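A.B. asks: Please read through the structure below; I'll follow up with questions.
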Amino acid sequence: MNTIFTVFKKELLDTLRDRRTLLTAILLPALLLPFLMYGITKVTKTMVEKEKAKKLKIAILDSPDDFISRIDTAKFELISGMDLEKGRDQILSDSLDALMAFANGYTKAIANNQTGNVNVWYKSTNLSVRDKMTTLIEDYEEGILDQRIVDLGLSKSAIDPIEMRRYDIAPKKEQIGKMAGGFLPYLFIIFCFMGCMYPALDLITGEKERGTIETLLTVPASRFSILMGKVITIALIGLASAGMTILGLFVAIKFMPDIPADFLEALGNIVNTKFVIMLFAMLIPLSIFFAGSLSAIVVGAKSFKEAQSIATPLSFIVIIPAALALTPGIELNWTTAMIPILNMALATKEIVAGTIQNGHYIVIVLSLIVLAILAVLISFRQFSKEGMVLK
Amino acid sequence: MIQVENVSKQYKLNKKQKKELKTTASSINAVNGISFECQPGRVFSLLGPNGAGKTTTLRMMSTILTPTNGDIKICGQSVTQNPTEVRRKIGFLTGSTNLYDRLNPEEIVKYFASLYGMDDKVFKERKEMLFDQMGIHEFSKKRIGQMSTGMKQKVSIARSMIHDPDVVIFDEPTSGLDVITAHNIIELIRDCKNAGKTVIFSSHIMSEVDLLCDDLAIIAKGDLVYQGTMDSFRQENSGISLTEAFIQTVDRNSTTHA
């Protein structure tokens, strides 16, 4: 026990003095989400506003008079003196946004209660042009429709027999659970793994590469204690990374502008002591599992580089079950509760939503603990092999 | 006191290694049933060309590797039966003076003292003495990463001597060091001898051997090819330099083997 603590203390000091670890395992996960969320909302917001404010340059051919007079000149700039060919060329060269032409016989068709054709040319690469043109026509069409209803002696309700009213009674908590609940574990599981990876390379392979392992093995301390001291350090850094991701998310939400008050309130209800305890009860064995398996895998590598090339692809294996939890239709049940990583992601979703069943939760925590123990034992077996430890 | 009793070390070969060595054998012997003894208060030198099995032998002595056959007793304790007891008695130092770059000498020496389970008071006295002796105090708060090889070497020595071991094992301790830095090691070996410790070191630098050594053994391709005192080795090879004598001894035995 004493040895484990001695090794742990030294490895933690050593790791925390490493700027690369601090940056990738602590700072990056803490800052990534706030920056990303702030950046994305800011960019989308300005983009949307810009699009909204933009005045479309359009040309209209053979228009009925009542249509032209309806056009809001704050939103559209009418270009005159255009023909089909010229208009299309100008759209392609971006000097015109859209060209609208009322087809031959349009006025006649409308007068006879038939369908008239309107052709619109535009570029789909210019977002929102199509929508704006559609709205323009639909508004006009509604006026014609209203007139026809009156002419036929009908009422508006006669052609709209059913009106459906929807009431969403899902608690805000559950809605957030479905939304953020899938995304949140995806992020912290990955960061937990990445957080474990660098220290594992440094404390296991690094020690071998530097040759310091040799002297370490000549001290009267059991190899198991030495390994445990290392694994605990690795797991702790992974845990810190995951914790930082969660912290970063809440900081981001707290300081983000334009978040509805009821959303914030619901979020406040979710993040309580119980949530944090339930989450960390899963995260602790998970990080030990990551630390143990990474140690077992990189112990055979001869150099830092080799270890890196073995460990990096593993992050994809971790991402797959975490991403699966984002797929609609995959729910927590007795089968998914047994699949590591996926079970944790699904459980987090349900904990956030407040719908987790105690049985499922206990099975998940226990299975993660069993996995963690197995990973540590396997890494110990690897660590005890002469050929593995020495260069 | 070190007693090496008919020790062998066999390495299993994997497919890749078999290909590299162009052999179909499933294992190779790095050390082939060698025996010798090192006495307290004397310096024992283990000589041999690269790949002869020196490092493997010293690693077996320091319990990093387990012998396939035979046994080694350090102060009466067997490396196979009581490795933990053996570890308490030995100080181990290799030529590759690697330490933890982000720690300072104080922290490194303290770390090893804790791993040896040393009492705090004893540790402090011992550390002061070693740091005084080698002048480590002036850079005791500096990180290893910022130190010169000479400074690192001194810290390595302090680290391996902190628990005042009865037996010291040095694996090519001066390799890669300049003359001045290597001198620290030579002084250390002398001090250990004068303190009545058992010292064994491996080398292929004959001037060092000549300077320090009381007894010697030469190994080649895992076999013991010479064992005796330094004096008798000198007498048997009078007229030629020690380096020549060493080369001839190794050559004679590898040709008879082939």
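The values are calculated or read from the model by the stated rules, or taken from the named source; none is laboratory data. Just so you know, these numbers come straight off a predicted model, no measurement behind them. Cβ: placed from backbone, ideal geometry, glycine included. Neighbour counts: every protein chain shown. Ligands, DNA and RNA are excluded from the accessible area calculation, which covers all protein heavy atoms including side chains. Shrake-Rupley method; radii C 1.70, N 1.55, O 1.52, S 1.80 Å.
A.B. asks: Which of the residues that make up segment B:105-137 are assigned to a helix (DSSP H, G or I), open to solvent by 20 Å² or more (accessible area, probe 1.4 Å) and either of a type in the set (Asp, Glu) or facing chain A (nearest Cβ under 10 Å) (or both)?
C.D. replies: B:Glu106, B:Glu107, B:Lys110, B:Ser114, B:Asp120, B:Glu125, B:Glu128, B:Asp132
A.B. asks: Restricting attention to segment A:333-352, which residues are open to solvent by less than 40 Å² (accessible area, probe 1.4 Å) and over 20 Å from A:Ala242 (Cα atoms)?
C.D. replies: Narrowing segment A:333-352 to residues open to solvent by less than 40 Å² (accessible area, probe 1.4 Å): A:336-337, A:341-352.
Residues satisfying the conditions are A:Thr336, A:Ala337.
A.B. asks: Another one. Identify, from the list B:Ile157, B:Ile169, the residue that is crowded, with 17+ Cβ neighbours inside 10 Å, in contact with a Phe, Trp or Tyr (Cβ under 6 Å, 6 or more places away or on another chain), within 14 Å of chain A (Cβ to nearest Cβ) and not small (Gly, Ala, Ser).
C.D. replies: Numbers: B:Ile157 fails: in contact with a Phe, Trp or Tyr (Cβ under 6 Å, 6 or more places away or on another chain).
Going through B:Ile157, B:Ile169 in turn, just one is crowded, with 17+ Cβ neighbours inside 10 Å, in contact with a Phe, Trp or Tyr (Cβ under 6 Å, 6 or more places away or on another chain), within 14 Å of chain A (Cβ to nearest Cβ) and not small (Gly, Ala, Ser): B:Ile169.
A.B. asks: Select from segment B:24-65 the residues that are within 14 Å of chain A (Cβ to nearest Cβ) and in a strand (DSSP E or B) and list them in ascending order.
C.D. replies: B:Ser27, B:Ile28, B:Ala30, B:Val31
A.B. asks: Oh, and also: Do we have any residue at all in segment B:174-187 that's within 14 Å of another protein chain (Cβ to nearest Cβ), surrounded by fewer than 23 Cβ atoms within 10 Å (Cβ to Cβ) and in a loop (DSSP other than H, G, I, E, B)? First the steps, then the outcome.
C.D. replies: First, pick out the residues of segment B:174-187 that are within 14 Å of another protein chain (Cβ to nearest Cβ): B:175-176.
When the remaining residues are screened for being surrounded by fewer than 23 Cβ atoms within 10 Å (Cβ to Cβ), the result is B:175-176.
Subset that is in a loop (DSSP other than H, G, I, E, B): B:175-176.
Within segment B:174-187, one or more residues are within 14 Å of another protein chain (Cβ to nearest Cβ), surrounded by fewer than 23 Cβ atoms within 10 Å (Cβ to Cβ) and in a loop (DSSP other than H, G, I, E, B).
A.B. asks: Right, next: Residues in segment A:31-54: is at least one within 14 Å of chain B (Cβ to nearest Cβ), closer than 30 Å to A:Leu236 by Cβ, modelled with pLDDT under 90 and open to solvent by 100 Å² or more (accessible area, probe 1.4 Å)?
C.D. replies: Restricting attention to segment A:31-54, the residues satisfying the condition of being within 14 Å of chain B (Cβ to nearest Cβ) are none.
No, every residue in segment A:31-54 fails to be within 14 Å of chain B (Cβ to nearest Cβ), closer than 30 Å to A:Leu236 by Cβ, modelled with pLDDT under 90 and open to solvent by 100 Å² or more (accessible area, probe 1.4 Å).
A.B. asks: OK, next. Could you check B:Gly51 against (1) open to solvent by 70 Å² or more (accessible area, probe 1.4 Å); (2) touching a strand residue (DSSP E or B) at 6+ places or on another chain (Cβ under 8 Å) and say which number it fails?
C.D. replies: With respect to (1) open to solvent by 70 Å² or more (accessible area, probe 1.4 Å); (2) touching a strand residue (DSSP E or B) at 6+ places or on another chain (Cβ under 8 Å), B:Gly51 is out only on (2).
A.B. asks: Of all residues in segment B:138-171, how many are in a loop (DSSP other than H, G, I, E, B) and within 23 Å of B:Met118 (Cα to Cα)? Step through it out loud before you land on a result.
C.D. replies: Taking segment B:138-171 first, the residues in a loop (DSSP other than H, G, I, E, B) are B:140-143, B:147-148, B:162-166.
This time we only want the ones that are within 23 Å of B:Met118 (Cα to Cα), so: B:140-141, B:162-166.
Total satisfying the criteria: 7.
A.B. asks: Sticking with this structure for a sec: Among the residues of segment A:58-72, are any open to solvent by 90 Å² or more (accessible area, probe 1.4 Å) and under 37 Å from the mean Cα position of the chain (by Cα)?
C.D. replies: no
A.B. asks: Right, here's the next one. Report every pair of residues separated by at least 6 positions or lying on different chains whose Cβ atoms are under 7 Å apart, first residue within segment A:67-92 and at negative phi, second assigned to a loop (DSSP other than H, G, I, E, B) and modelled with pLDDT under 90.
C.D. replies: A:Lys75/A:Lys55; A:Phe76/A:Lys55; A:Glu77/A:Lys55; A:Leu78/A:Ile71
A.B. asks: Can you name the condition, by its number, that A:Leu227 falls short on among (1) away from every other protein chain (no Cβ under 14 Å); (2) modelled with pLDDT of 90 or more?
C.D. replies: The single condition A:Leu227 does not satisfy is (1).
A.B. asks: Oh, and also: With a cut-off of at least 1 residues that are within 14 Å of chain B (Cβ to nearest Cβ), name the helices (runs of 4 or more DSSP H) lying wholly within segment A:275-391.
C.D. replies: Passing ranges, in order: A:304-311, A:358-384, A:386-389.
A.B. asks: Just to be sure, is A:Ser63 more than 14 Å from every other protein chain (Cβ to nearest Cβ) and in a helix (DSSP H, G or I)?
C.D. replies: Numbers: more than 14 Å from every other protein chain (Cβ to nearest Cβ): yes; in a helix (DSSP H, G or I): no.
So A:Ser63 does not fit the description; no.
A.B. asks: Sticking with this structure for a sec: Which condition number in (1) farther than 21 Å from B:Gly91 by Cα; (2) without any contact (Cβ under 8 Å) to a residue 24 or more places away in the chain is the one that A:Thr212 fails?
C.D. replies: Status for A:Thr212: all satisfied but (1).
A.B. asks: Tell me the residue from A:Thr218, A:Thr233 that is in contact with a Gly (Cβ under 9 Å, 6 or more places away or on another chain) and either among the β-branched types (Val, Ile, Thr) or within 13 Å of chain B (Cβ to nearest Cβ) (or both), please.
C.D. replies: On the way: A:Thr233 fails: in contact with a Gly (Cβ under 9 Å, 6 or more places away or on another chain).
None of the others qualify; the one that does is A:Thr218.
A.B. asks: In addition: When only residues in segment B:227-249 that are open to solvent by 30 Å² or more (accessible area, probe 1.4 Å) and part of a strand (DSSP E or B) count, which is nearest to B:Lys54 (Cα to Cα)?
C.D. replies: Going through the qualifying residues, I end up with B:Gln227.
A.B. asks: If you check A:Lys132, A:Lys173, which single one turns out to be in contact (Cβ under 8 Å) with a residue 40 or more places away in the chain, under 30 Å from A:Ile246 (Cβ atoms) and not aliphatic (A, V, I, L, M)?
C.D. replies: On the way: A:Lys132 fails: under 30 Å from A:Ile246 (Cβ atoms).
A:Lys173 is the lone residue from the list that is in contact (Cβ under 8 Å) with a residue 40 or more places away in the chain, under 30 Å from A:Ile246 (Cβ atoms) and not aliphatic (A, V, I, L, M).
A.B. asks: Do we have any residue at all in segment A:196-212 that's among the aliphatic types (A, V, I, L, M), open to solvent by 50 Å² or more (accessible area, probe 1.4 Å) and more than 14 Å from every other protein chain (Cβ to nearest Cβ)? Quick ask: steps written out before the conclusion?
C.D. replies: Within segment A:196-212, the subset among the aliphatic types (A, V, I, L, M) is A:197, A:200-201, A:203-204.
Those still in the list that are open to solvent by 50 Å² or more (accessible area, probe 1.4 Å) too: none.
There is no residue in segment A:196-212 that is among the aliphatic types (A, V, I, L, M), open to solvent by 50 Å² or more (accessible area, probe 1.4 Å) and more than 14 Å from every other protein chain (Cβ to nearest Cβ).
A.B. asks: Now, a different point. Look through segment A:1-15, keep the residues that are within 8 Å of chain B (Cβ to nearest Cβ) and among the polar types (S, T, N, Q), and return whichever of them is most open to solvent (accessible area, probe 1.4 Å). Before the answer, list the steps.
C.D. replies: Step one: filter segment A:1-15 for residues within 8 Å of chain B (Cβ to nearest Cβ), giving A:2-3, A:6-7, A:10, A:13-14.
Then drop every residue that is not among the polar types (S, T, N, Q), which leaves A:2-3, A:6.
Working: A:Asn2: 121, A:Thr3: 32, A:Thr6: 23 Å².
By that ranking, first place goes to A:Asn2.
A.B. asks: Separate question: For segment B:79-96, state whether one or more residues are assigned to a strand (DSSP E or B), in contact (Cβ under 8 Å) with a residue 40 or more places away in the chain, touching a strand residue (DSSP E or B) at 6+ places or on another chain (Cβ under 8 Å) and of a type in the set (S, T, N, Q). Spell out the reasoning first.
C.D. replies: Quick first cut of segment B:79-96, residues assigned to a strand (DSSP E or B) only: B:90-94.
Checking the rest, the ones that are also in contact (Cβ under 8 Å) with a residue 40 or more places away in the chain come to B:90-94.
Retained after the next criterion (residues that are touching a strand residue (DSSP E or B) at 6+ places or on another chain (Cβ under 8 Å)): B:90-94.
Right, trim to of a type in the set (S, T, N, Q) and you get B:94.
Scanning segment B:79-96 turns up at least one residue that is assigned to a strand (DSSP E or B), in contact (Cβ under 8 Å) with a residue 40 or more places away in the chain, touching a strand residue (DSSP E or B) at 6+ places or on another chain (Cβ under 8 Å) and of a type in the set (S, T, N, Q).
A.B. asks: List the residue pairs whose Cβ atoms are under 6 Å apart, where the first residue sits in segment A:137-149 and is under 16 Å from A:Asp160 (Cβ atoms), the second is loosely packed, with under 12 Cβ neighbours inside 10 Å and small (Gly, Ala, Ser), and the two are 6 or more positions apart or on different chains.
C.D. replies: Partner pairs satisfying both residue conditions: none exist.
A.B. asks: Do any residues in segment B:103-131 that are within 21 Å of B:Arg87 (Cα to Cα) have Cβ atoms under 6 Å from those of residues that are surrounded by 14 or more Cβ atoms within 10 Å (Cβ to Cβ) and charged (D, E, K, R), where the two are at least six apart or on different chains, and which pairs are they?
C.D. replies: What qualifies is B:Ile108/B:Arg159; B:Val109/B:Lys127; B:Val109/B:Arg159; B:Tyr111/A:Lys10; B:Phe112/B:Arg159.
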